[in-house]
1. For the chain, list the DSSP H helices whose alpha carbon atoms reach 18 Å or more along the long axis and whose average Kyte-Doolittle value is 1.6 or above?
2. Just the number please: accessible area per residue for the chain, 1.4 Å probe, all protein chains included, in Å².
3. Could you work out [θ]222 nm for the chain from helices alone, using -39500 (n - 2.57) per DSSP H run of at least four and dividing by all its residues? Round to the nearest 500 deg cm²/dmol.
4. Among the listed pairs Lys131/Lys162; Lys64/Lys413; Lys223/Lys356; Lys244/Lys398; Lys131/Lys353; Lys58/Lys164, give every one whose C-alpha distance is greater than 27 Å.
5. Looking at the chain, send over the antiparallel percent of its DSSP beta bridges, to the nearest 5.
6. Quick check: at a probe of 1.4 Å, how many percent of the accessible area of the chain sits on carbon and sulfur atoms?
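The values are calculated or read from the model by the stated rules, or taken from the named source; none is laboratory data. Note that the coordinates shown come from a computational prediction; the quantities given were computed from them, not determined experimentally. For accessibility, only protein heavy atoms count, side chains too; no ligands or nucleic acids. Shrake-Rupley method; radii C 1.70, N 1.55, O 1.52, S 1.80 Å.
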Amino acid sequence: FDGDLDSDSDSIISRFQRYLQIDTSHPSPDYQQAADFILSQASSLSLESQTLEFVKGKPLILLKWTGTSPHLPSILLNSHTDVVPVEPHKWSHPPFHAQINSGGNIYARGSQDMKCVGLQYLEAIRNLKNKDSGFQPIRTIYVSFVPDEEIGGHDGAELFAKSKVFHEMNVGIVLDEGLASPEDYYRLFYAERCPMWLVIKATGAPGHGAKLYDNTAMENLMKSIESVRRFRASQFDLVKAGLKAEGEVISVNMAFLKAGTPSPTGFVMNLQPSEAQAGFDIRVPPIADQASLERRIAEEWAPASRNMTFESGQFKQKVSVYDENGKPILTGHDSSNPWWSLLEGAILKANGKVGKPEIFPASTDARYFRLRGIPAIGFSPMANTPILLHDHNEFLNKEEYLKGIEVYVSILKAFASFVEVEKDAATYRDEL
Ligand SMILES: CSCC[C@H](NC=O)C(=O)O
Ligand SMILES: [Zn+2]
Ligand SMILES: [Zn+2]
């Protein structure tokens, strides 16, 4: 390696800022500029690279550092290049300037979710490739930068995980995103909740706004909303009482309400509408009783007896967290999975702390890799950091970012040097 590596922290941070300054927010992410940036980084690191376009205009960049024993299952470091939209006027710093305040906080959309992780992978590789380090991986290390995670990953990680290219990579372990931790420990995720987007609709007799009568669409819907809210509170109480972790309860949040008869000045006020609907984002832990939730929806939240119907997207689709037999897919999260132990050990070695294994409360691309039977661990090295993904004023402190690079150096050393008697992939899965 030719060794003109800028490893000082200023240049590390300025590379991070450059990546953050590329506006890859939906609905029209600038994937081309992100791809160009990543490819230029890859070439400065002498990594092999290829651009995969499973869907035109949505490049997926795959980088490779070939190991000395390339027949061993490889390591895949995955990150998504897209970010969620912003309301720029509600930010204290412009969301795509990556300004650093006096306390070292770097403000940008994607600073936590998850451009940090994508570039930390590369910085860790840069560090390991530095000629002073002289490190050679035994296993091959792949780094993937995928599009569209924030809108479901169908044109990104889903197609990638099903592709011939992916199959031939012989991946043994995937690292993907986790969440920031306000505490001094990092969070590790071994599974994720299943999203269910539920729309309930009520109908009822229309009538004069001054009349009190039963079975209006609004009343029917309100009864459901009250019931949903009671359930929401019961789940939230379990978390508040410390009895369950965030990823272990069913979350329900209302996403929209739609009703009323429009008029030029707003809505007609003296007419009780004949239809009303509400939408909910529901997240179901893979260990939860799905059938009882479905019963609850049919009997309490959208009962036909109250003139109600419902539709739920995502839940029973193939894009879920269950295998073909309906069993939840959980990555082993104790010493039964050597990768888990290696990860924990490597973090500790880098002077990091780890919390209890968790279920990721939202969804991420890791599920597509788990569906292929591959262990996947969610981890974003951000401790002592408020959770600001998808929020205004998303930031990451620069010291925390730099610390994360050291943690990945430690992880890559452990993962890429790990040689064991090959076992069946099932060894790395938890049985219920
Ligand atoms: C169900 S696909 C949407 C994925 C998205 N991921 C991160 O926020 C989420 O809403 O969890
Ligand atoms: Zn993300
Ligand atoms: Zn996100």
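1. Result, helices passing both filters: zero.
2. Here the per-residue accessible area is 44 Å².
3. Mean residue ellipticity, 222 nm, calculated: -8500 deg cm²/dmol.
4. Those over the limit are Lys131/Lys162; Lys223/Lys356; Lys244/Lys398; Lys131/Lys353.
5. Antiparallel: roughly 70 percent of the beta bridges in the chain.
6. Summing carbon and sulfur atoms, their accessible area is 51 percent of the total for the chain.
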